[in-house]
Amino acid sequence: MIYTTANRTLKTPSEWFSNVPADLIAGIVVALALIPEAIAFSIIAGLNPTVGLYASFTMAVTIAFVGGRVGMVSAATGAMALLLKELVASTGDDKALALELVLAATLLTGFLQIVWGSLRIGRIMKYVPRAVLVGFVNALAILIFLAQLEQFHKAKEAGVEGLMYVMVAAGLAIIYLLPRLAKNISVLKSIPSPLVAIVVLTAVAVSQGMGLPTVGDMGALPTELPFFRLPNLPFDFATLQLVLPVALALSAVGLLESFLTASVLDDMTDTNSDKNREARGQGAANLITGMFGGMAGCAMIGQSVINIKSGGRQRLSTLSAGIFLISFILLVGEWVSVIPMAALVAVMFMVSISTFNWGSLISLGRTPKSETAAMLMTVVTTVMTENLAIGVVVGIALSAIAFSRKIGKLISVRNQLSANGTTRTYYVHGQLFFVSANNFIEAFDVREKIECVVIDLTDSHLWDQSSVMAIDKLVLKFRAHGSDVKLVGMNEASSTLMDKLAVHDKKNAAELAGGH
């Protein structure tokens, strides 16, 4: 329930304090999993690890207050890092300039997302087919899995590949078996198994001196809180030319990934979220992030799923994830740095397994071929490009084409000759638009020598210019063969479109007929 007072909105305490123990524990797990990813995404973008860590902190804290999806985690992400990579690369070796441009692009991204949210862009989610959403989730699970394989390569270089496999297997066993062994032990039930796995594997790795790659090996951690700063760039047209194209892409990809993540969590928790508010919230989070030295970010489906799977349900879980993240780094950074990557790989493997929609594989034979193709194409494109947005756009486009073809085939035309043999009436049933236009035309015999042709559109609807052109073509061809043509039964919308676009009754009709 929400109460509105004056110009501000107050949330009830249930959005914050109805699930405190589980939210705090989930926040710890998410924070630990965020650290190596934030560092990795910074490196992907060509930036110092501090930039990604600051972004993950400010994004999580801000979105906890202003987001439209309770329990969703926003931070630095791989998709946004890939978009920033080209901007950073364009500056060559000038890392200082690269950071200033990234901050400027992040600020502009935030502003654009607030604009999109104000324009209620969240409505676009109703145009995302279920098959594409399933493909998005499956592709993300695969990408999460593949992203962890690099850690095995690093372990091989360090000469501890065998230990890496053993530790990851042990971590998976703890995560999977502990909840089943602790079903009747209330104390253990309240502790998420991923956190237990991280603590146990860290203790073993440190005590045995295994030499496994650690969180600290991924980059230096910051030693101070982020501070307010604006980009040290001239606010002129030249700067805008550099950052606007990147900001437009960031704002679109960030919102798409956030909306899809929100939809996944909606399904997982049987709750609804406000997509337009989420768009504005993501914009506000990016604005604040850009003012405190962070790179642009968006919702993270992997971390959001971890949050939900670990018991996080309310805004406190997201807020605590951000606070624990910066606290771990600043207060116990030395301890965090010794966590073996094997422990976090195990956590992410389990997230990958639980994220993948295994039911989609089981139902492949029962699902319509067009939906299966859209789902698979979304997965393949996303995995190949490592860009969730591109995969989703391709999936939506394929779904739209399949739907148009299916609807286009539904048009039917039957005809009846009058008793005196002078008039043939064609009865049109279905939707007439660019896909069905050819099938519509082929149903008529324009060479028939007959006095009058009646085209009855009572059970049809004209949608676009192609449908009007199809009727124009028929009318002019019938007239060219000496038949009088009458159009009857059009609804108001179809009639209006016909009046605007039709040419068969214009003065140049004879010329057009000759052209056909």
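Axis of helix 341-355 versus longest Cα principal axis of the chain: the two differ by about 30°, to the nearest ten degrees.
For the listed residue pairs LYS406/LYS477; LYS126/LYS486; LYS126/LYS406; LYS85/LYS275, the alpha carbons are over 30 angstrom apart in LYS126/LYS486. Only Lys, Arg, Asp and Glu carry charge here, each on its Cβ (+1 for the first two, -1 for the last two); on that basis the range 47-153 has a dipole of about 700 debye about its Cα centre. Annotation for VAL66 and GLN208: the two label points, set 7 Å from Cα along the Cα-Cβ direction, are 4.7 nm apart.
Suppose only helical runs count, i.e. DSSP H with n ≥ 4. What mean residue ellipticity at 222 nm does that imply for the chain under -39500 (n - 2.57) per run, divided by all residues and rounded to the nearest 500 deg cm²/dmol?
Helix-only estimate at 222 nm: -21000 deg cm²/dmol.
With a Förster radius of 22 Å applied to the beta-carbon distance between ASN272 and ILE401, the computed FRET efficiency rounds to 0.15.
The range 132-234: which chymotrypsin sites (Phe, Trp or Tyr not before Pro) are DSSP loop and have at most 11 other beta-carbon atoms within 10 angstrom? Here the chymotrypsin sites (Phe, Trp or Tyr not before Pro) that fit, given the DSSP loop and packing criteria, are PHE227, PHE228.
Less than 15 Å Cβ to Cβ from TRP116, Lys/Arg counted +1 and Asp/Glu -1: what total charge do the surrounding residues give?
Net of charged neighbours comes to +2.
Taken one residue at a time, the phi angles of the range 79-86 give Karplus couplings (6.51, -1.76, 1.60, θ = phi - 60°) of 4, 6, 4, 5, 6, 6, 4, 5 Hz. Gly and Pro are set to x. Entry for the range 200-359 at q = 0.10, 0.15, 0.19 Å⁻¹: log10 I(q)/I(0) = -0.52, -1.07, -1.36, Debye formula applied to identical alpha-carbon scatterers, no solvent contribution. Placing pseudo-labels 7 Å out from each Cα toward the beta carbon at SER118 and LYS183 gives an inter-label distance of 5.5 nm. With the simple model of a label 7 Å out from the Cα in the direction of the Cβ, ILE390 to LEU331 spans 4.2 nm. Note that the range 405-484 presents 53 Å² accessible area per residue, ligands and nucleic acids not counted, probe 1.4 Å.
Placing unit charges on each Cβ (+1 for Lys and Arg, -1 for Asp and Glu) gives the range 244-339 a dipole about its Cα centre, and among VAL246, SER317, ILE288 the Cα reaching farthest toward its positive end belongs to ILE288. The string of couplings for the range 195-207 from the Karplus curve (6.51, -1.76, 1.60, θ = phi - 60°) is 5, 4, 4, 4, 5, 5, 5, 5, 4, 5, 4, 6, 5 Hz, one whole number per residue in order, with x for Gly and Pro.
Please determine, in degrees from 0 to 90 and to the nearest 10, the orientation of helix 369-385 with respect to the longest principal axis defined by the Cα atoms of the chain, where the helix direction is its Cα long axis. Between the helix axis and the principal axis of the chain, the angle is about 40 degrees. Distance from the C-alpha centroid of the range 286-345 to that of the range 128-188: 18 Å, rounded to the whole angstrom. In the chain, a dipole from Cβ-located charges (positive for Lys and Arg, negative for Asp and Glu) runs towards its positive end, and of ILE450, ILE28, SER74 it is ILE450 whose Cα lies farthest in that direction. The alpha carbon convex hull volume per residue for the chain rounds to 225 Å³.
The angle between the Cα long axis of helix 20-45 and the longest principal axis of the Cα atoms of the chain comes to about 80 degrees, rounded to the nearest 10.
The values are calculated or read from the model by the stated rules, or taken from the named source; none is laboratory data. If you're wondering where the values come from, they're calculated on a predicted model, not measured in any experiment. Using ideal geometry, Cβ is built from the backbone for each residue, glycine included, and neighbour counts are taken over all protein chains shown. Side chains included, ligands, DNA and RNA excluded: accessible areas come from the protein's heavy atoms. Shrake-Rupley method; radii C 1.70, N 1.55, O 1.52, S 1.80 Å.
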